1. I'm told Arg268 meets every condition in (1) assigned to a loop (DSSP other than H, G, I, E, B); (2) buried (at least 16 other Cβ atoms within 10 Å of the Cβ); (3) without any contact (Cβ under 8 Å) to a residue 40 or more places away in the chain; (4) out of contact with any Lys or Arg (no Cβ under 8 Å at 6 or more places or on another chain) except one. Can you identify the failing condition by its number?
2. Mind listing whichever residues of the range 1-19 are surrounded by 19 or more Cβ atoms within 10 Å (Cβ to Cβ) and either among the small types (Gly, Ala, Ser) or free of Cβ contacts under 8 Å to residues at least 40 places away in the same chain (or both)?
3. I'd like the residue in the range 86-126 that is among the charged types (D, E, K, R) and more than 15 Å from the ligand (Cβ to nearest atom) and, out of all such residues, is surrounded by the fewest Cβ atoms within 10 Å (Cβ to Cβ).
4. Out of the range 231-265, which residues are loosely packed, with under 14 Cβ neighbours inside 10 Å and assigned to a helix (DSSP H, G or I)?
5. Return the residues of the range 192-222 that are closer than 25 Å to Glu92 by Cβ, open to solvent by less than 10 Å² (accessible area, probe 1.4 Å) and more than 13 Å from the chain's Cα centre (by Cα); say none if nothing qualifies.
Amino acid sequence: MMKKPVYLDYAATTPVDPAVAEEMMNYLTPDGVFGNPASRTHSYGWQAEASVESARRQVADLIHADPREIVWTSGATESDNLAIKGVAALHESPHIVTSTIEHKAVVDTCAWLETRGVQVAWLRPDADGRVSPQQVVDALQENTVLVSLMLANNELGCVTDIATIGRHLRERGVLLHVDAAQAAGKMPVDVHALNVDLLSLSAHKVYGPKGVGALYVRRAPEVRIEAQMHGGGHERGMRSGTLPTHQIVGMGKAFELAGHHLEEESRRLENLRERFLAGLSHLDGVHFNGSREHRVPGIVNLSFEGVEAESMMLGLRHLAVSSGSACASASMEASYVLRGIGVSNELAHRALRFSLGRFTTEADVDFACQQIIEVVGRLRSLR
Ligand SMILES: *Cc1c(COP(=O)(O)O)cnc(C)c1O
């Protein structure tokens, strides 16, 4: 049997932590808590509701929110859509500020709104991948209703100064939405310290199951959004649909674990990242993409002079890594994120993202370095 490749694509998704999977099993079968959390007439429903509410607190705790500020969704894509369309829908000819290197869930939502007459300002980040507070302030107009920027970038791992941006926006009464799918569980996230109004979360980037996420919606002063999914009026009218108890319980457990392990796990991943970079330090013509200083520990984006990412990936068949974003690699276009921070077209085509996580070992990192050095050497010698 062929050995499985070493998984270095934690930014794409994480495996479910075994403790999370074990917990989820108790919410499916006849002997488990399978009831509809919205059933008010019997104990099956009450138990399910209690489990959902306990998970709501676990998720809220990680970001220092009130449980009543958590709206369950199917993932960060839906949370981004709900936040942005939900605010835009409440205004006539609104103006939204975002950046060119947001996740597609934000970029495509804003681009779609543009076709519907919404004005969008597309900010260009600096070479580190960060948008500055001044840029945001300068982009504001009379009719600006929302700014949407991510906390940690999924391709680069760089972290934007959301707290300062949030402070300026709070003073001016403009709402701030933040996609924190890559930040939650990887760095401290405090909705008050960040001055955010809306914040998107996903379970499967934090060792929880795929297909569940949440949107933080600030209560005081109250942030209003228009529902995008209509039905039974669940989630205080903001998102209808029967709650998937097992998924939600899984997300709750995953976020609780993330909170417990945050410091120790960050330190461990930082050490692994430094070991990885040190292991590659003898290789020349390697460019580090994105801020070295402001970043989450697990993501490393590197361009290798003289070798196409596609050839690299063929050569690195014992490693599971990604080139550009998932969507960009399918269309063979250079990553819009790398192009967006001013990386040349050539180096953008030579970039790979390595992302480390909870189950990555020193041996994995050493193996990866050895494979990369070998493959880069071989491909360069063919030129
Ligand atoms: C993964 C990711 C998303 C999408 O989340 P899903 O839960 O898969 O819909 C959105 N934003 C960022 C930054 C991500 O990394």
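1. In the conditions (1) assigned to a loop (DSSP other than H, G, I, E, B); (2) buried (at least 16 other Cβ atoms within 10 Å of the Cβ); (3) without any contact (Cβ under 8 Å) to a residue 40 or more places away in the chain; (4) out of contact with any Lys or Arg (no Cβ under 8 Å at 6 or more places or on another chain), Arg268 misses (1) alone.
2. Selection gives Ala11 alone.
3. Checked the range 86-126; the qualifying residue surrounded by the fewest Cβ atoms within 10 Å (Cβ to Cβ) is Glu92.
4. Listed by number, the residues that qualify are Arg236, Gly237, His260, Glu263, Glu264.
5. Val196, Asp197, Leu198, Val217 - these are the residues of the range 192-222 that are closer than 25 Å to Glu92 by Cβ, open to solvent by less than 10 Å² (accessible area, probe 1.4 Å) and more than 13 Å from the chain's Cα centre (by Cα).
Residues checked against (1) within 18 Å of Arg339 (Cα to Cα); (2) of a type in the set (Val, Ile, Thr); (3) under 23 Å from the mean Cα position of the chain (by Cα); (4) not in a strand (DSSP E or B):
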position	(1), (2), (3), (4)
Trp72	no, no, yes, no
Glu78	no, no, yes, yes
Ile84	no, yes, yes, yes
Ile96	no, yes, yes, no
Cys110	no, no, yes, yes
Gly117	no, no, no, yes
Ala127	yes, no, yes, yes
Gln134	no, no, no, yes
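The values are calculated or read from the model by the stated rules, or taken from the named source; none is laboratory data. A quick note: this is a predicted structure, and the numbers were derived from the prediction, not measured. Reconstructed Cβ throughout: ideal geometry from the backbone, glycine too, with neighbour counts over all protein chains shown. Protein only, heavy atoms only, side chains kept; ligands, DNA and RNA dropped before computing areas. Shrake-Rupley method; radii C 1.70, N 1.55, O 1.52, S 1.80 Å.
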